[in-house]
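Since every read-out is calculated from the coordinates, none of them should be taken as a lab result. Quick caveat: nothing in here was measured; it's all calculated off a predicted structure. For neighbour counting, all protein chains shown are included, and Cβ atoms are generated from backbone atoms with ideal geometry for every residue, glycine included.
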């Protein structure tokens, strides 16, 4: 499998027009992501993390800079937002299956692939459940499965666990880590949590206050697979201090 970057970002800047001459959200952002990388962007509110993800997903256009993809071909992209954004009138099965329906996949194959995703995210037995009957963590599992259903090359996660309570959030770190090991996707995730970024990522990029610039690109040299005990090791604490100092 190639080790060439699947994504290359060069000197990316974003300015939103306003009555004061423009709101400068991002400034001179450059980084690369290789296949199977798990990269977290960490930074304070307003540092442009979500703006960056929306640009990578082609939901916004940058003011300046370049985004390049492997072999100049835009990859398939899946995205998970802070809220699960499930359709309340569709069951778990039908919410996950929606992208395949939009792609015209026949019902038999679509249901088979959807069941694989349900198995992957640990929702067996909830295929016919309605979103209103799911916990926050379960709803985000549905959202992750829906984002993975078309086998994307790049998975973008916009603080997917921010609305969950602390215990559920930590359980979802384990779940996401397990899913990433199973599927080995390239992941770019934004978060406010130092512990979350260190537990999940291979690299953590720290953004400054607006306009967001990359202040630190930290390699997370913690062994995989990771379990909860790793958060209490001296090296985890050392890495956490580096990130905290960069944010402050």
* Rounded, prolate or oblate: which one fits the range 139-236, using the alpha carbon gyration tensor with axes a ≥ b ≥ c (rounded when a/c is under 1.5, else prolate when a/b beats b/c, else oblate)? -> rounded
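For 230, 214, 144, what ranking results if the residue with the fewest other Cβ atoms within 10 Å of its Cβ goes first?
Details: 230 15, 214 19, 144 24.
The fewest-first ordering by Cβ neighbours comes to 230, 214, 144.
Would you list 90, 244 from fewest to most Cβ contacts within 10 Å?
On the way: 90 15, 244 12.
Ascending Cβ contact count within 10 Å gives the list 244, 90.
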* Structure fact -> Scaled by the rule-of-thumb 2.2 N^0.38 Å, the alpha carbon Rg for the range 189-248 gives a ratio of 1.10
* Would you compute, from DSSP H runs of 4+ residues alone, the mean residue ellipticity of the chain at 222 nm, taking -39500 (n - 2.57) per run and dividing by the full residue count, rounded to the nearest 500? => -10500 deg cm²/dmol
* To do: Take the alpha-carbon centre of the range 1-60, take the same for the range 91-155, and report the distance between them in whole Å.
  => 28
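Arrange 189, 174, 93, 87 by Cβ neighbour counts within 10 Å, fewest through most, would you? Kindly include the intermediate steps, with their values, before the conclusion.
Working: 189 25, 174 15, 93 19, 87 11.
Ordered from fewest to most neighbouring Cβ atoms within 10 Å, 189, 174, 93, 87 come out as 87, 174, 93, 189.
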* Asked: Bin by bin, in steps of 10 Å, what percent of the Cα pairs in the range 65-204 do you find, going until the bin that has the longest distance?
  -> 11, 42, 34, 11, 1
